[in-house]
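Visitor: Supplied in structure tokens, the structure appears directly below.
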Amino acid sequence: STSGVVDDVMADYVAGAVRRAESDGAAAVIIQLDTFGGAEAALLRIDASLHSKIPTIVWVGPPGAKAASAGTFITLSANLAYMAPSTNIGAASPVATGGGDIAATYGQTEADKVMNDAIATMRGIAQERHPDAVAWAVATVQSAQSYSAEEALAAHGINGIATSIDDVLSQADGQTVVTSAGPVVVHTKGASLVTVN
């Protein structure tokens, strides 16, 4: 379960959890996410961790949780993405440290450069994991759009709406995903959960 700021602490936690799940031969690793966002370097480390030998799943939950800003990139980086009802995702436009406007702080050229880089990163993630939702995913960055779970599902940005981790396990079961070890069928139905603190 990861909530709070996307930073090096969160990136270390996710990397450690994925490594442990791999060494345990787990059926999958599920990251429960609730964040307003954070640092680009940390989200890129988390994206790398979610490219694992075992299936990776992000669940934006519980109800009321957010996958805002960097959380949007993380959600879409997993093999499978689910959101609880009454959650939202998006508003992924880059901002200066402390939430300031990049153009005002560093100039328009730098702002354009950062925006184009963020769009390219999002496009790459979406093309790999959610190819039917590339334009939608780019809009979360380019236009700072935010979406409900239902809107994200309608755009094919996520794989389903799940009310709980058990619901995630049930919906993910039988899906074929491409891990770093190649195509894998997810076997999560009735799996026992090991929580990594």
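The values are calculated or read from the model by the stated rules, or taken from the named source; none is laboratory data. Since the structure is predicted, the reported quantities are computational estimates derived from the model, not experimental observations. Ideal geometry is used to build each Cβ from the backbone, glycine not excepted, and the neighbour counts take in all protein chains shown. Note: accessible area is taken over every heavy atom of the protein model, side chains too, but ligands, DNA and RNA are not part of it. Shrake-Rupley method; radii C 1.70, N 1.55, O 1.52, S 1.80 Å.
Visitor: Can you pull out the residues in the stretch 51-70 that are surrounded by fewer than 24 Cβ atoms within 10 Å (Cβ to Cβ) and in contact with a helix residue (DSSP H, G or I) (Cβ under 6 Å, 6 or more places away or on another chain)?
Guide: At the first step, the residues of the stretch 51-70 found to be surrounded by fewer than 24 Cβ atoms within 10 Å (Cβ to Cβ) are 51-54, 62-66, 68.
Answer for the stretch 51-70, where residues must be surrounded by fewer than 24 Cβ atoms within 10 Å (Cβ to Cβ) and in contact with a helix residue (DSSP H, G or I) (Cβ under 6 Å, 6 or more places away or on another chain): 52, 53, 54.
Visitor: What do you reckon, is residue 19 open to solvent by 30 Å² or more (accessible area, probe 1.4 Å), in contact with a helix residue (DSSP H, G or I) (Cβ under 6 Å, 6 or more places away or on another chain) and assigned to a helix (DSSP H, G or I)?
Guide: On the way: open to solvent by 30 Å² or more (accessible area, probe 1.4 Å): yes; in contact with a helix residue (DSSP H, G or I) (Cβ under 6 Å, 6 or more places away or on another chain): no; assigned to a helix (DSSP H, G or I): yes.
Spelling it out, it is not the case that residue 19 is open to solvent by 30 Å² or more (accessible area, probe 1.4 Å), in contact with a helix residue (DSSP H, G or I) (Cβ under 6 Å, 6 or more places away or on another chain) and assigned to a helix (DSSP H, G or I).
Visitor: Continuing with the same structure: Mind checking whether some residue in the stretch 29-43 is touching a helix residue (DSSP H, G or I) at 6+ places or on another chain (Cβ under 6 Å), more than 22 Å from residue 127 (Cα to Cα), buried (at least 24 other Cβ atoms within 10 Å of the Cβ) and of a type outside the set (A, V, I, L, M)?
Guide: For the stretch 29-43, residues touching a helix residue (DSSP H, G or I) at 6+ places or on another chain (Cβ under 6 Å), more than 22 Å from residue 127 (Cα to Cα), buried (at least 24 other Cβ atoms within 10 Å of the Cβ) and of a type outside the set (A, V, I, L, M): present.
Visitor: Related question: Across the stretch 61-118, what is the total count of residues that are touching a residue at least 12 places away in the same chain (Cβ under 8 Å) and of a type in the set (Phe, Trp, Tyr)?
Guide: Residues in the stretch 61-118 being touching a residue at least 12 places away in the same chain (Cβ under 8 Å) and of a type in the set (Phe, Trp, Tyr): 2 in total.
Visitor: What helices (runs of 4 or more DSSP H) lie completely within the stretch 109-197 and have 3 or more residues being within 30 Å of residue 24 (Cβ to Cβ) and either open to solvent by less than 20 Å² (accessible area, probe 1.4 Å) or at pLDDT 90 or above (or both)? Steps first, answer last, please.
Guide: Working: elements: 134-142, 149-154, 165-172.
Filter on the stretch 109-197 gives 165-172.
Visitor: Cβ-Cβ under 7 Å, sequence separation 6+ or interchain: first residue in the stretch 16-28 and closer than 16 Å to residue 184 by Cβ and free of Cβ contacts under 8 Å to residues at least 60 places away in the same chain, partner hydrophobic (A, V, I, L, M, F, W, C) and open to solvent by less than 30 Å² (accessible area, probe 1.4 Å). Which pairs?
Guide: Final answer for the pair search is 18/29; 22/54.
Visitor: Right, next: Report, by residue number, each residue of the stretch 22-73 that is farther than 22 Å from residue 130 by Cβ and in a helix (DSSP H, G or I).
Guide: 22, 23, 41 - these are the residues of the stretch 22-73 that are farther than 22 Å from residue 130 by Cβ and in a helix (DSSP H, G or I).
Visitor: Another question, then. Go through the stretch 74-89 and report how many residues are open to solvent by less than 10 Å² (accessible area, probe 1.4 Å) and not in a loop (DSSP other than H, G, I, E, B).
Guide: Let us first name the residues in the stretch 74-89 that are open to solvent by less than 10 Å² (accessible area, probe 1.4 Å), namely 74-78, 80-84, 87, 89.
From what's left, not in a loop (DSSP other than H, G, I, E, B): 74-77, 80-83, 89.
Selection size over the stretch 74-89: 9.
Visitor: Surrounded by fewer than 21 Cβ atoms within 10 Å (Cβ to Cβ) and touching a helix residue (DSSP H, G or I) at 6+ places or on another chain (Cβ under 7 Å), is that true of residue 8? I'd like the intermediate steps shown before the answer.
Guide: On the way: surrounded by fewer than 21 Cβ atoms within 10 Å (Cβ to Cβ): yes; touching a helix residue (DSSP H, G or I) at 6+ places or on another chain (Cβ under 7 Å): yes.
So residue 8 fits the description; yes.
Visitor: Would you call residue 92 in a helix (DSSP H, G or I), of a type in the set (Gly, Ala, Ser) and at negative phi?
Guide: For residue 92, the condition - in a helix (DSSP H, G or I), of a type in the set (Gly, Ala, Ser) and at negative phi - is not met.
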